[in-house]
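Participant: Structure incoming, see below.
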Amino acid sequence: MRPSKMIGLVVGLVGLATFAALPLLIPAAFYAFANVYAIATGTDFSSDTINVGVLLTGLVLTVAMLVVAMAVAVNLIGRSLSPKRRDPWEDDRDAGWATIRE
């Protein structure tokens, strides 16, 4: 395999792994959010203390945060794995360019 195909394969596998992990991460993150919300507002055990809008907003923000975190992770991994471009006119590693330059 050429390096460019390998980079694409690694980035694709990271994206696939994070998509596969999202069904496990979303309930865990929302459960943590709901517990913190319950601790902050839970003065008594009635259903009047729960604000449904806050819980739904928390669910939406939890899912959005995990999707954005996944996109950032794939971007950073893809950027770090991509080969660095070099300027052939300023690089003396290639003897063929030296003869063209003179």
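Readers should treat all values here as calculations from the given coordinates under stated rules, not as data from a laboratory. Note that the structure is a prediction, hence the values are computed from the model and not measured.
Participant: Would you kindly derive the ³J(HN,Hα) couplings of segment 18-32 from the backbone phi angles with the Karplus curve 6.51 cos²θ - 1.76 cosθ + 1.60 (θ = phi - 60°), listing them in order in whole Hz, with x for Gly and Pro?
Facilitator: Result, rounded to whole Hz: 6, 5, 5, 7, 4, x, 8, 7, 5, x, 5, 5, 5, 4, 5.
Participant: Using θ = phi - 60° and the Karplus relation 6.51 cos²θ - 1.76 cosθ + 1.60, list the HN-Hα couplings for segment 52-62 in order, rounded to whole Hz, with x at every Gly or Pro.
Facilitator: Result, ordered by residue: 5, x, 5, 5, 5, 5, x, 5, 4, 5, 5 Hz.
Participant: Treating each Cα of segment 3-80 as an identical point scatterer and ignoring solvent, apply the Debye formula and state log10 I(q)/I(0) at q = 0.13, 0.15, 0.25 Å⁻¹.
Facilitator: Debye intensities relative to I(0), on a log10 scale: -0.53, -0.63, -1.10.
Participant: Evaluate the relative contact order of segment 3-80 (contact order divided by residue number), counting alpha-carbon pairs under 8 angstrom at least 6 apart; express in whole percent. If you can, show how the numbers build up before the last one.
Facilitator: Working: 28 pairs, mean separation 39.4, N = 78.
Relative contact order of segment 3-80: 50 percent.
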